[in-house]
Amino acid sequence: MRFSVYQESHVGGRDMNQDRMGYCYTRDALLLVLADGMGGHPHGEVAATVALEAISALFRQQAGPYVKGPARFLEDACHAAHREIHRHAVVHGLADVPRTTIVACLVQHGSATWAHCGDSRLYLLRGGRVLARTRDHSHVEKLIGADLVPASARLAHPDRNKLYNCLGAARPPLVELSPPARLEAGDVMLLCSDGLWAALPEEQLVATLSTGALASAVPGLLRAALRNAGPGGDNATGLAIAWQEGPDVPGAGSTIVCTESAPGPLAGAADPFDEAEIERAIAEIRAAIDKSSQLL
């Protein structure tokens, strides 16, 4: 398994960056996760952080060095993250349960399987075109699917931000799963928040990712999205991999390597969900997962 990866996030015109992203890998498996905390509810950044950590913790637990049943893993991981968000709200006495969208992808044995709830997206690109992408769990996407509004309504419809599926809601999430997709050398996958995809024409997104290295393509997309969105633009986040054929990724072996990225100091105002609280949340999540595994 061999790939290159690049991830970047920007606060945009908001006071706080509520997007979170990260990836974990072993010799035989790669997990990609992106969460976009929902600003219509308090502490969206908390929900996104807890979701990222819960899913990553399950990967650490089960990847040995690959995960048995990728689709089942992703569905279980999303539900586990949903429960952890609710538990965190109770433990910390939050008046309202925070919410987040989620998109996660598991790559192993040359195939990719992904899951999502909400309007954070995954694109699979091959040969300069979109081979597959997730469909938003939004009211406007339902209208488009029923031919009640044109596809262009995604960007301008007054209900474009209304979602019917996420983590942290009162009802359990409806986790939408993809069939396995066999990867070929040169394929590119992008996980992104709506602050990125909604601010760019899809043709520009595809062309940029298909013609340049990820280390320049992803920052270029973020700059273009922020420029198009203007002063009041949303947080913009992208996590991309370029798939290659060849020897295993160096240094992976049977070790699980995780890189989880929260916004840096230049991304915006200080995050009220501080480092100490994040560490406590991680410890709580891992303890709960260890306890549940002992009961199985």
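The values are calculated or read from the model by the stated rules, or taken from the named source; none is laboratory data. Computed from a predicted structure; not experimentally measured. Cβ: placed from backbone, ideal geometry, glycine included. Neighbour counts: every protein chain shown.
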So which of Arg227, Arg171, Arg160, Arg182 ends up being at negative phi, touching a helix residue (DSSP H, G or I) at 6+ places or on another chain (Cβ under 9 Å) and basic (Lys, Arg)? Arg160
Test for Ala224: is it buried (at least 17 other Cβ atoms within 10 Å of the Cβ) and closer than 30 Å to Phe3 by Cα: yes
Taking the range 9-58 and keeping residues among the basic types (Lys, Arg) and either part of a helix (DSSP H, G or I) or buried (at least 24 other Cβ atoms within 10 Å of the Cβ) (or both) leaves Arg20
Taking the conditions exactly as written (under 28 Å from Leu221 (Cα atoms) and in contact (Cβ under 8 Å) with a residue 40 or more places away in the chain), does Gly127 satisfy them or not? yes
Would you list the helices (runs of 4 or more DSSP H) that sit entirely within the range 61-166 and hold 2 or more residues that are among the β-branched types (Val, Ile, Thr) and more than 20 Å from the chain's Cα centre (by Cα)? 70-91, 139-145
If you go through the range 97-111, how many residues are crowded, with 24+ Cβ neighbours inside 10 Å and closer than 30 Å to Gly186 by Cβ? 7
Restricting attention to the range 81-96, report how many residues are crowded, with 20+ Cβ neighbours inside 10 Å and either among the polar types (S, T, N, Q) or closer than 23 Å to Arg121 by Cα (or both). 4
Going through (1) closer than 18 Å to Leu32 by Cα; (2) hydrophobic (A, V, I, L, M, F, W, C); (3) crowded, with 16+ Cβ neighbours inside 10 Å one by one, Leu143 fails only at (1)
Looking only at residues in the range 162-179 that are buried (at least 17 other Cβ atoms within 10 Å of the Cβ) and either modelled with pLDDT under 95 or in contact with a Pro (Cβ under 8 Å, 6 or more places away or on another chain) (or both), which one is farthest from Arg121 (Cα to Cα)? Gly168
Expected single match for touching a Phe, Trp or Tyr at 6+ places or on another chain (Cβ under 7 Å) and surrounded by 20 or more Cβ atoms within 10 Å (Cβ to Cβ) among Leu191, Leu183 is Leu183
Which residues, counting only those in the range 167-215, are under 15 Å from the mean Cα position of the chain (by Cα) and part of a helix (DSSP H, G or I)? Asp194, Gly195, Leu196, Trp197
